[in-house]
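First the structure, in the form of structure tokens, and then the observations on it.
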Amino acid sequence: MNAPAKPLAAPIAPQNGVAQMKLFATGLLVLMAFAYFGARELQPEYPMLAWVEAFAEAAMVGGLADWFAVTALFRHPLGLPIPHTAIIPKNKDRIGGALANFIKQNFLTPVVISRRMAKLDLASAAGRFLANPSIGEGKMRAGASRLIGDLAESLGDERLGGLFKSAVSKRLKEMEVAPLIGRTLAVLINEDRHLPLLDAAIQWLARGLDANESVIRDMVRQRVSWVLRVASLDDKLSDAILDGLRKLAVEMREDPAHPMRIKVEVALADFANDLQEDPELMAKVEGWKLQLIENESVGLWLDGLWQQARNAVIRGARNPDAVMAGQLGDVLVNAGHNLQQDERLKAAINKYARRTVVGMAASYGDNMVKLVSDTIRGWDATTITERLENAVGRDLQYIRINGTLVGGLVGVTLHALHAVGV
């Protein structure tokens, strides 16, 4: 069963004065009829009216013929089902298919598009706009901000947040973190940027000794023999251990060449190398990384990170004046200048744009053509007929007027030839 015809989505703009021109053309035809019958009645008394009769007779024939032709395009003349009339309603689908093929062959072929795109400098146009977006900047900011804000708010929080977390987790799982950590640590050591961290660690160790003095004394007391406890030598031993550790921490902090400090730095350097070269250690680090990613706390952290990013996008989008301001604005302006001045960059961007458009035409040209033909096929025949007639009706009435006048001139010419005996 065929689907019901659809009305036009938007009206075709009618020409001005269509009704007046139609009335004028019809009035001219009626005038020629009165002239013909009047001249015929008065010709016996006024022989010169034979010229008027010849003109009016031929004018009526020409006017009627062109009225028939114009009317037959859109409907049956006088409502009679004469063959080959109402051409547009009957052949609407075929016209739609022909129009679609015309568009495809003359506008959507890769050769035509490539030739047209070769004349366009999209990179320079984009560069000029970015460098000086004064024309339409307010509307662009407001529209872009509204679109971005609405899009960010409409995105499903749970679903998109889950996608964000999954994407980040997947990327972290694919990334080999052990070599990255090793290279980072090696750079820090080579540039002596690890020294503040090492000093902070030694300071932390010293504070830890003070904070856990009672724990250390209990450990010593539990491990010495009862003889030393009876002689109260366990306290002296604890004092000696604590004093030795405090002295070691102070010496390591104040002496960069302290042997223990050098051993720690060598151990750090070896650890950095092992992270990049030792398969066993690298595998362990990767295992720790996977356990950390699967930890619930990391998932909550990623959720919070997504929420912060989403809220920041919404806040920025709701403030159109901030969209093109600050460092982002400077970056866009500099990019605009580069697009105008860098010939290689312009050529690369224009080439990419040309290939993209040509590729879209090659891939989706048939779909575009089908869209045109299917859309026209779905239109209501009566509606499109009336709107097309309104759109070109003024010009069509000129055909009727010209046919009337040209027919009259032909009639006068034939009458003249007959008068001279030709």
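The values are calculated or read from the model by the stated rules, or taken from the named source; none is laboratory data. For clarity, every value in this text was computed on a predicted model and none was experimentally measured. Cβ coordinates were reconstructed from backbone atoms using ideal geometry, including for glycine residues, and neighbour counts include every protein chain displayed. Areas reflect the complete protein model, heavy atoms only, side chains present, ligands, DNA and RNA absent. Shrake-Rupley method; radii C 1.70, N 1.55, O 1.52, S 1.80 Å.
Tabulated data for the structure shown
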item: Heavy-atom SASA rank of THR109, THR385 (probe 1.4 Å, accessible area, largest first); result: THR109, THR385
item: At R0 = 22 Å, FRET efficiency that the Cβ-Cβ distance of ASP93 and SER363 yields, to 0.05; result: 0.25
item: Cα gyration tensor of region 15-94 - equivalent ellipsoid semi-axes, whole Å, descending; result: 33, 15, 8
item: ARG246-ILE262 pseudo-label distance in nm [points 7 Å out on the Cα-to-Cβ vector]; result: 2.8 nm
item: Fully extended contour minus Cα-Cα distance, from TRP51 to ALA353, at 0.36 nm per residue; result: 101.9 nm
item: By average C-beta atoms within 10 angstrom, highest first, the peptides 286-294, 50-58, 174-182, 391-399; result: 50-58, 391-399, 174-182, 286-294
item: Members of LYS104/LYS346; LYS173/LYS284; LYS22/LYS92 lying beyond 19 Å, as alpha-carbon distances in this model show; result: LYS104/LYS346; LYS22/LYS92
item: Amide hydrogen neighbours beyond the local backbone of TRP379, cut-off 5 Å, H modeled; result: LYS6
item: With all protein chains modelled, accessible area of TYR364 [1.4 Å, Å²]; result: 120 Å²
